[in-house]
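Notes follow the structure.
What follows draws every value from the coordinates through simple rules; no lab data is involved. Quick caveat, the model's predicted, so the values are computed rather than measured.
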Amino acid sequence: MPAPRARERATTHAPKPERILNRMTVRLHRVRQYGGEDHGKTLMFTFPGGTRRAHRSVCSFISPERVPPFEGEDAWFEVEEVSGKPWSFWRAVRQVAPPDA
């Protein structure tokens, strides 16, 4: 007969608020699907750099549902890296004017 187990306790864990790890202004590029049934569908958005852990990566990715709608293929956005489980993710906060170079 197995040993008796301790009674399970009910825990009341409040969800942790999101923690912003990084914030910057970048130019997002829309990546579309070519061919197939959903021709022209937005698959993701990319921007150069941004990832601190994967130094081999040339660009970072943002899911389409985390970017406000905009016209065209490229636009400047303020993006932020959010700490999340099981991994951190990027999201676009708002569209901004291009920086003066």
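Miscellaneous remarks
- Karplus-based coupling profile of the stretch 74-84, in residue order and whole Hz: 10, 7, 8, 9, 8, 10, 9, 8, 10, 6, x, with θ = phi - 60° in 6.51 cos²θ - 1.76 cosθ + 1.60 and x standing for Gly or Pro.
- Residue by residue, the stretch 34-39 carries 3J(HN,Hα) couplings of 10, x, x, 6, 9, 4 Hz when phi is fed to the Karplus relation 6.51 cos²θ - 1.76 cosθ + 1.60 (θ = phi - 60°); x denotes Gly or Pro.
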